[in-house]
1. Taking the options Ala100, Ala16, Ala26, name whichever one is in a helix (DSSP H, G or I) and open to solvent by less than 50 Å² (accessible area, probe 1.4 Å).
2. How many residues are open to solvent by less than 60 Å² (accessible area, probe 1.4 Å) and of a type in the set (A, V, I, L, M) if we restrict to the stretch 67-79?
3. Of the numbered conditions (1) surrounded by 13 or more Cβ atoms within 10 Å (Cβ to Cβ); (2) out of contact with any Asp or Glu (no Cβ under 8 Å at 6 or more places or on another chain); (3) modelled with pLDDT of 95 or more, Lys111 fails exactly one; give the number of that condition.
4. Going through Glu79, Glu47, Glu24, Glu92 one at a time, which residue ends up being acidic (Asp, Glu) and touching a residue at least 60 places away in the same chain (Cβ under 8 Å)?
5. Restricting attention to the stretch 36-66, report how many residues are open to solvent by 90 Å² or more (accessible area, probe 1.4 Å) and either closer than 16 Å to Gln89 by Cβ or part of a helix (DSSP H, G or I) (or both).
6. Is it the case that Arg21 is exposed (fewer than 15 other Cβ atoms within 10 Å of the Cβ), of a type outside the set (S, T, N, Q) and either in contact with a His (Cβ under 6 Å, 6 or more places away or on another chain) or not in a helix (DSSP H, G or I) (or both)?
Amino acid sequence: MSEPNEQHVDRPLDVAQLRHRLAEFAAARNWGQYHTPKNLASALSVEASELVEIFQWLTPEESMRVMADPETAHRVRDEIADVLAYLLQLCEVLDVDALAALDAKIDRNEKRFPAGGE
């Protein structure tokens with residue numbers, strides 16, 4: 001069986017649906033008790049570190065070709081999924097709209113770092 005990836009999604013996904021699905025998954029396993037902001041932020045950091053580990057000793061050029069190897073590409077997708085899952089679960093617990101937060105941050109960065117500046 002092939003692994004799903006961004007080119008093979010058979011239905012449109014959105015952040016709210018994924019947050020809901022993750023919440024249901026955790027609730028069905030009674031994991032909510034462990035999903036404190038501290039624990040989720042820690043887990044997010046661990047998963048981000050696992051993603052970094054894949055690239056740790058690669059040259060910049062090698063890192064640009066990482067998705068060419070199917071096994072490494074699978075690992076990269078899994079770690080990205082883990083990072084996103086913990087981030088969305090943290091957003092759920094803290095009632096943060098990740099897309100609105102990102103939009104606001106981009107607005108602030110556009111003012112802080114104007115185009116054409118150094």
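The values are calculated or read from the model by the stated rules, or taken from the named source; none is laboratory data. Values in this document were obtained by computation on a predicted structure and should not be read as measured data. Note that each Cβ is placed from the backbone with ideal geometry, even for glycine, and that neighbours are counted across all protein chains shown. Ligands, DNA and RNA are excluded from the accessible area calculation, which covers all protein heavy atoms including side chains. Shrake-Rupley method; radii C 1.70, N 1.55, O 1.52, S 1.80 Å.
1. Ala26
2. Number satisfying all stated conditions: 2.
3. So Lys111 meets the others, but not (1).
4. The unique qualifying residue is Glu92.
5. 6
6. Against the criterion (exposed (fewer than 15 other Cβ atoms within 10 Å of the Cβ), of a type outside the set (S, T, N, Q) and either in contact with a His (Cβ under 6 Å, 6 or more places away or on another chain) or not in a helix (DSSP H, G or I) (or both)), Arg21 does not qualify.
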